[in-house]
Amino acid sequence: MQITLEKLFFDRILIEELVRRGVNVTYVVKGAPILNDATLQDAKMAGIDRLAKVTSTGTDCIGVLLNECSREFLRRFENSELVISKGEANYESLSDIKKQGIFFLLKVKCPIIAEDVGTRTGSIVLKSFFENE
């Protein structure tokens, strides 16, 4: 499956708004093509590299398996005040991490995740595990 241009340009619009507000943005891509996740080439094609630092997880696995990721990614992840983690696979692999500032943006595709986030299959969700967020 190839990444859709709509996803990249949604990301770009969000990044433009964050940068306009003075936020220093790092955009994370996969180390190699996997399913519909963005790569460095995709980010460059969308012009995201002109707005934000683009870095790779260092892997081509589905989701984000921290024990497989590059040191640079891990350093940036740990030092980030805000992480917007997109997609159900990222939710599945990172939802056990209780780090202040992680938000999950996903379309719920399976009943198990729907139950976990407290919604119906097909819903679009922005989820955090902290009450004050």
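What the table shows:
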read-out: Rg in Å to one decimal, and Dmax rounded to a whole Å, for the chain via C-alpha atoms; value: 14.4, 39
read-out: Residue among 124, 100, 54 farthest towards the positive dipole end of the chain, charges placed on Cβ; value: 54
read-out: Descending Cα extents along the principal axes, region 1-66, whole Å; value: 32, 25, 16
read-out: Potential lengthening between residue 121 and residue 49 on full extension [0.36 nm per residue; Cα-Cα distance subtracted]; value: 22.5 nm
read-out: Using distinct alpha-carbon pairs, which all enter the 1/r mean, Kirkwood radius of region 81-133 in Å; value: 11.0
read-out: Segment residue 35-residue 112, extension gain: residue separation times 0.36 nm, minus the distance between their alpha carbons; value: 25.6 nm
read-out: Helical contribution to [θ] at 222 nm, DSSP H n ≥ 4, -39,500 (n - 2.57), averaged over the chain, rounded to 500; value: -9500 deg cm²/dmol
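Computed from the coordinates by the stated procedures, all read-outs in this text should not be read as laboratory data. Treat the numbers as computed from the prediction; the structure is a model and nothing was measured. When we count neighbours, we look across all protein chains shown, and the Cβ atoms used for this are built from the backbone with ideal geometry, even at glycine.
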